[in-house]
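Each remark here refers to the structure printed beneath this line.
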Amino acid sequence: MPASTRLPRPLRAALLLAGLAGAAQAEDAPSIAWPEPGGRATISRAFNGSPIVVGVSSRTGGAIDSLTWGGTQFINAHDHGRELQSASSYDGYGECLNPTEAGSDSDGTGPRSTTLLTELKVGPDTLQTRAQMAYWIEPGRVTGSCPKGPGPHAGPRSDDILAKTVTLGAAGVANAIAYRATYITAQPHESATFEAATAYMPPDFTAFWSLDPVTGQSAALSAGPGEQAVPVILATPDGSRAMGVYSPALPQPTVPNAGYGRFDFSTLPGSGNATVKWNCAFRENNVPAGAHSYTCYVVVGTLQDVRAGLVALRAALTGGRPATLPAIPAPQADAARAPGVALYVGTQQGCNAGEVTIDPGYKGCATAPIGATLAQPSSPADAPVYAGTAAGLDAGLVTNNPHHLDAGTRPIGYLAAAGAGGTPLYVGLQGGCNAGVVSTNPAHLNCRGAPLGIAVR
């Protein structure tokens, strides 16, 4: 099953009720002894003044549910289909024959997993687990990603075993994590997709980049969904945090233009549900029962750290010299300047004057067009912006705060960095007055503001 067909998982997650539990939810095997309170284990290694900390839990069957660096959480662990984990699917059944490391769809956002963790070993830089994976969809049930109907399985837990080893500082690269997944399949299959590693990340990581580790060349990517032959990086728009993935075994000769996927679910409704994702996927035919091993390397840090780490990693693994790393490029002009959402500014004193909005009739008062957002960032300096969605509170108002007024917002694109042609915009800084409100006036409501970006024309 192509990995891209698994998109409905987070869409359905928006509808799950917290605490849903399947009949086969399991405690860990009796031999498991968690070294930390709450059924947790972590390993860490210093990088650029801050530890990279990787954590697994009983809740997720030993799958990675936390990865932090520099005070930032890189993993969304909202339900059991998120995390940084491994999964597989067989014989064209899609999600209906889909062993999943962290648990099942029916585990919901609950505290236990249908997956049975049978082994846990923790060293200074290395963590090993072994687990009997849950089926994502229980017997007899189908989803929109089940092209052949219900899967030919009789129970909620598969007979497939996942053995994984996670190692920090892979190949001497301090910010690289080796993730080796071995699937021990119980039956032969005509075809298989092994999603050896996939990470669901917080919705702040909305700048998607590619990097060719041979040449060091980077390019901005659309939000997708899409798949490509060179590594993908997901970053915050300012480039201060990023995560990328690389495998020397990708692309496969049989699938030369695929292997690294990217998916944007950053607008999903519901607390904690919005997410973005990358994956490192392998496709096989005529798959015998037995062990099938794949290694993906996860690199974290700033966008520049990740680019440098991927290039150094490729050189270390192949014995070559690291490529020269060019400056982060602007995307192709047509893609970089593609307009996103039209913007307006209120013009009526005593009503909406100076307030930037996506609604040409904002507050029922007059507005004027001032340009548009960018659909995708053209540089790490471009600022992400959002529009309020709470009727009667801030619906239509543009802000740089995704949690403005503790209410709902949705992403509407990016403001171009200073120097671009268009209308300069500012953001309020003063709490209780104009904080978070985007305006054409640097002193909106006679309160402090700061330059934010440019509405392009």
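The values are calculated or read from the model by the stated rules, or taken from the named source; none is laboratory data. Quick caveat: nothing in here was measured; it's all calculated off a predicted structure. Quick reminder, even Gly has a Cβ in these numbers, built from the backbone with ideal geometry, and neighbours come from all protein chains shown. These area figures cover heavy atoms from the full protein model, side chains too; ligands, DNA and RNA do not enter into them. Shrake-Rupley method; radii C 1.70, N 1.55, O 1.52, S 1.80 Å.
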Fill in: Those residues of region 191-237 which are over 20 Å from Thr302 (Cβ atoms), modelled with pLDDT of 90 or more, within 15 Å of the chain's Cα centre (by Cα) and not charged (D, E, K, R), in sequence order
Ala197, Thr198, Tyr200
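Residues are listed down the side, and each one gets a yes or a no for (1) assigned to a helix (DSSP H, G or I); (2) surrounded by fewer than 21 Cβ atoms within 10 Å (Cβ to Cβ); (3) out of contact with any Cys (no Cβ under 8 Å at 6 or more places or on another chain):
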site: Pro124; (1), (2), (3): no, yes, yes
site: Leu127; (1), (2), (3): no, no, yes
site: Thr143; (1), (2), (3): no, yes, no
site: Asp159; (1), (2), (3): no, yes, yes
Worksheet item: Looking at (1) open to solvent by 10 Å² or more (accessible area, probe 1.4 Å); (2) over 21 Å from the mean Cα position of the chain (by Cα); (3) under 22 Å from Gly55 (Cβ atoms), which is the only condition Ala178 fails?
Response: (2)
Response to the item:
The condition from (1) in contact with a strand residue (DSSP E or B) (Cβ under 6 Å, 6 or more places away or on another chain); (2) assigned to a helix (DSSP H, G or I) that Gly261 misses is numbered (2)
Fill in: Selection from region 376-413 of residues that are within 26 Å of Ala219 (Cβ to Cβ), open to solvent by less than 40 Å² (accessible area, probe 1.4 Å) and of a type in the set (Gly, Ala, Ser)
Ser378, Ser379, Ala383, Gly413
Practice prompt. Residues being farther than 24 Å from Trp69 by Cα, open to solvent by less than 50 Å² (accessible area, probe 1.4 Å) and not small (Gly, Ala, Ser): count how many of those fall in region 280-327.
Written response: 6
Fill in: Matching residues in region 237-264 - criterion: being open to solvent by less than 20 Å² (accessible area, probe 1.4 Å) and closer than 24 Å to Trp69 by Cβ
Pro237, Gly239, Ala242, Met243, Gly244, Val245, Tyr246, Ser247, Tyr260, Gly261, Phe263
Item to complete: Residues being of a type in the set (Gly, Ala, Ser) and not in a loop (DSSP other than H, G, I, E, B): count how many of those fall in region 50-64.
Response: 3
Worksheet item: Does Gly81 satisfy being within 21 Å of Phe194 (Cα to Cα), part of a loop (DSSP other than H, G, I, E, B) and small (Gly, Ala, Ser)?
Response: yes
Response to the item:
Within region 174-204, residues assigned to a strand (DSSP E or B) and polar (S, T, N, Q) come out as Thr182, Thr185, Ser191, Thr193, Thr198
